[in-house]
Amino acid sequence: QVQLVESGGGLVQAGGSLRLSCTASGRTFSSALMAWFRRPPGKEREFVAANTWSGSPTYYADSVKGRFTISRDNAKNMVYLQMNSLKPEDTAVYYCAAHLSGSVRDVGSYAVWGQGTQVTVSS
């Protein structure tokens, strides 16, 4: 079993950037598909981005494509989400997650979740 913890959230103005980090522990990290999800206020968790151990292929939600980049450093057991050109609608609690089975973009496909980190984008 892998354990995950997110960091890097905060308050930023529209157009700004943040980089989220997910630190993983456990022996499954190198073989796991990792993803970022987010939960906007009053909404369900939604898929943001994912990649596998080699860093490719990558998967992105249409709403973040071209603005967000997922990457990982397997030697450091870390996954990152670089968020550029942030918009108020990006405001959410962001979670990293480790895939178990099923569709990449489905919440139910992931077995392990971090505690979440708040990202707030002001206009």
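The values are calculated or read from the model by the stated rules, or taken from the named source; none is laboratory data. It should be emphasised that the depicted structure is a prediction, and the values quoted were computed from it without experimental measurement. With ideal geometry, Cβ positions are generated from the backbone for all residues, glycine too; neighbour counts draw on all protein chains shown. Note: accessible area is taken over every heavy atom of the protein model, side chains too, but ligands, DNA and RNA are not part of it. Shrake-Rupley method; radii C 1.70, N 1.55, O 1.52, S 1.80 Å.
Summary of values
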item	result
Matching entry among Arg45, Arg72 (being among the basic types (Lys, Arg) and touching a Phe, Trp or Tyr at 6+ places or on another chain (Cβ under 6 Å))	Arg45
Set Gly26, Gly108: member being more than 10 Å from the chain's Cα centre (by Cα) and either at pLDDT 95 or above or hydrophobic (A, V, I, L, M, F, W, C) (or both)	Gly108
Residue list for the range 62-72, filter: under 14 Å from the mean Cα position of the chain (by Cα) and without any contact (Cβ under 8 Å) to a residue 12 or more places away in the chain	Lys65
Residue satisfying all of: in the range 45-58; within 13 Å of Ser71 (Cβ to Cβ) and in a strand (DSSP E or B); modelled with the lowest pLDDT among these	Asn51
Filter result (closer than 17 Å to Lys43 by Cβ, open to solvent by 40 Å² or more (accessible area, probe 1.4 Å) and in contact with a strand residue (DSSP E or B) (Cβ under 9 Å, 6 or more places away or on another chain)) within the range 72-123	Lys87, Pro88, Glu89, Arg105, Asp106, Val107, Trp113, Gln118, Thr120
Residue under evaluation Glu44, criteria (1) touching a helix residue (DSSP H, G or I) at 6+ places or on another chain (Cβ under 9 Å); (2) free of Cβ contacts under 8 Å to residues at least 40 places away in the same chain; (3) of a type outside the set (Gly, Ala, Ser), criterion not met	(2)
Considering residues of the range 15-44 that are within 13 Å of Glu89 (Cα to Cα) and assigned to a strand (DSSP E or B) only, the residue most open to solvent (accessible area, probe 1.4 Å)	Arg39
Residue, least open to solvent (accessible area, probe 1.4 Å), within the range 59-71, restricted to residues that are of a type in the set (S, T, N, Q) and in a strand (DSSP E or B)	Ser71
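Here's the yes/no breakdown for (1) over 23 Å from Ala111 (Cβ atoms); (2) modelled with pLDDT of 95 or more:
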| residue | (1), (2) |
| --- | --- |
| Gln3 | no, no |
| Ser7 | no, yes |
| Ala14 | yes, yes |
| Ser17 | yes, yes |
| Arg72 | no, no |
